Amino acid sequence: MHTSKKPIGFWSAVSMGIGAMVGAGIFALLGEASAISGSAVYLSFIMGGVIALFSGYSLGKLGARYPSSGGIIEYLSQSYGSGFFTGTMGVMLYFSAIVSLSLVAKAFGNYAVTFLPTNEAEQLWRGFFTVGIIVLFVLINLKGAKDVAVWERITVGVKFIVLAALSITGIIYLDPSLLSPDNYPPNKDIFFSLAITFFAFEGFRVITNTAEDMPDPSKTLPKAMMTAILLVMLLYVAIAFAVFGNLPTDQIIAAKDFALAEAALPIFGEIGFTIVAITALIATASSINANLYAVTNVTYQLAKDGELPAEFGKPIGHSREGLVISGILIIILSLLFDLSEIAAIGSISILFVHTVTHLGHLKIRAETGASLSLVVIATLLSLIAMILAFVYVSQNSGHIAYILIGFVLVAGLTEITLQKIAKREIKPRIV
């Protein structure tokens, strides 16, 4: 345990959670979700928010009892002990972080090409920008990037101003007929869209990593978690109303790679489109920079604990070799899959880890003092959402289902191999 010179209070934790959730995801995923649930996408965001709220309650109680920067890894080791299962989940969390970054890089490429004239080389340029932004920030981090906290706060502020302006103005001028239930797709499609929309909430778990720096985590952490998720859910629903209240669904689907910028056209004209597109570039670039640093730390810690090959932890430049390896993996994922596939892989992976974490919470509930019914609901909602998402991808992208199964198998095999070689395992930090 350590004590921070600058303790994280309630609003600081809320801000961090909001910043992690309202990242590049909303710029990238709104159009993809609309392709499944149409103008009813706001219902999908509400459902995703409800699942996140119950998950947030469970994780908040775990974080209050076990205030560790290890977050979910700490909770898993407390619930299941050291060994194969906890180690495999650690590797799965690393995979999820890589998937998340590949989605952000893909979103950057999609918005970057909107500034170029439409031509046959558009796909090549999209790939160029996607790979280029990853390579750029890998090189920057290798040189030893300075603390970017101030830059991150500025970008979060810019995102919020632009999204709030778009939401408020869009709602003022919306056409109610465009949001009529008569235009909704079948109910099952709304539920299936959770495969994508939940991924826009997954960043809330970063609040658990701040617990060690909170003066009173038992009170602050759960409240901060709930507040951040509620505020983000309200913002997402407002954005959905603004977008689908001003553009026909087929037009949004046609521009799904840059749907938010397209929605600004009828409200603010070309200037609005350009501002939203630039904001998306800033948001995605900022997210890549911040998350590459976090992933590097994760790979270093896991390598040190024997959960990833030792090469991940070796120094290279002013960073770690894990940064380069992670960058290569992000590039491969971003080139192999489209946005909806990446989002589905990320959502299902995170929901799987959440389900396992909540099940483990039931074993140690006497320690956390959590409500049995609320933890059970969190477990069931995460499990049901995961099953719905898996069914959807199995029906529409069968190869993704095999990739997800492969992820679990690779994580398990990696853990077995490393335990045999390194003879080390993740251990609980909090007694």
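The values are calculated or read from the model by the stated rules, or taken from the named source; none is laboratory data. Only a predicted model underlies this, so the values are computations on that prediction, with no experimental measurement involved. Cβ coordinates were reconstructed from backbone atoms using ideal geometry, including for glycine residues, and neighbour counts include every protein chain displayed. Note: areas computed on protein heavy atoms with side chains; ligands, DNA, RNA excluded. Shrake-Rupley method; radii C 1.70, N 1.55, O 1.52, S 1.80 Å.
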Would a scan of segment 310-325 turn up a residue that is open to solvent by less than 10 Å² (accessible area, probe 1.4 Å) and either at pLDDT below 85 or closer than 20 Å to LEU136 by Cα (or both)?
yes
Conditions (1) assigned to a helix (DSSP H, G or I); (2) closer than 30 Å to GLY269 by Cβ; (3) open to solvent by 70 Å² or more (accessible area, probe 1.4 Å): number failed by LYS188
(2)
Suppose we filter LEU333, LEU359 for residues that are in a helix (DSSP H, G or I) and either in contact with a Pro (Cβ under 7 Å, 6 or more places away or on another chain) or modelled with pLDDT of 90 or more (or both); which single one remains?
LEU359
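From the list SER69, SER79, exactly one residue is of a type in the set (Ser, Thr, Tyr) and either at pLDDT 85 or above or surrounded by 22 or more Cβ atoms within 10 Å (Cβ to Cβ) (or both). Which is it? I'd like the intermediate steps shown before the answer.
Working: SER69 fails: either at pLDDT 85 or above or surrounded by 22 or more Cβ atoms within 10 Å (Cβ to Cβ) (or both).
That would be SER79, the only listed residue that is of a type in the set (Ser, Thr, Tyr) and either at pLDDT 85 or above or surrounded by 22 or more Cβ atoms within 10 Å (Cβ to Cβ) (or both).
Can you tell me how many residues within segment 13-60 are over 22 Å from HIS358 (Cβ atoms) and out of contact with any Gly (no Cβ under 7 Å at 6 or more places or on another chain)?
Taking segment 13-60 as the starting set, the residues that turn out to be over 22 Å from HIS358 (Cβ atoms) are 14-16, 18-19, 22-43.
With out of contact with any Gly (no Cβ under 7 Å at 6 or more places or on another chain) added as a condition, the list becomes 14-16, 18-19, 22, 24-43.
Residues meeting the conditions: 26.
For segment 116-133, name all the residues that are open to solvent by 100 Å² or more (accessible area, probe 1.4 Å) and either in contact with a Pro (Cβ under 6 Å, 6 or more places away or on another chain) or outside any loop (DSSP other than H, G, I, E, B) (or both).
To start, the set of residues in segment 116-133 that are open to solvent by 100 Å² or more (accessible area, probe 1.4 Å) comprises 118, 120, 123-125, 128.
The answer is GLN123, LEU124, TRP125, PHE128.
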Collect the residues in segment 399-415 that are without any contact (Cβ under 8 Å) to a residue 24 or more places away in the chain, open to solvent by less than 30 Å² (accessible area, probe 1.4 Å) and not hydrophobic (A, V, I, L, M, F, W, C), keeping them in residue-number order.
GLY406
Of the residues in segment 212-251, those that are in a helix (DSSP H, G or I) and of a type in the set (S, T, N, Q) come to SER218, THR220, THR227, THR249, GLN251
Unique residue being more than 30 Å from SER180 (Cα to Cα) and either open to solvent by 10 Å² or more (accessible area, probe 1.4 Å) or among the hydrophobic types (A, V, I, L, M, F, W, C) (or both) when the list is PHE84, PHE27, PHE45, PHE54
PHE84
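On the given criteria, is SER193 farther than 24 Å from LEU383 by Cβ and among the polar types (S, T, N, Q)?
Details: farther than 24 Å from LEU383 by Cβ: no; among the polar types (S, T, N, Q): yes.
Here the answer is no, as SER193 does not meet what is asked.
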Look at segment 91-114 and say how many of its residues are within 19 Å of PHE201 (Cα to Cα), open to solvent by 10 Å² or more (accessible area, probe 1.4 Å) and hydroxyl-bearing (Ser, Thr, Tyr).
1
Among the residues of segment 256-271, is there at least one that is among the basic types (Lys, Arg) and either surrounded by fewer than 17 Cβ atoms within 10 Å (Cβ to Cβ) or touching a Lys or Arg at 6+ places or on another chain (Cβ under 8 Å) (or both)?
no
Does segment 57-66 hold any residues that are surrounded by fewer than 24 Cβ atoms within 10 Å (Cβ to Cβ) and modelled with pLDDT of 90 or more, and which are they?
TYR57
Whether any residue in segment 193-209 is open to solvent by 10 Å² or more (accessible area, probe 1.4 Å) and assigned to a loop (DSSP other than H, G, I, E, B) is what I want to check.
no
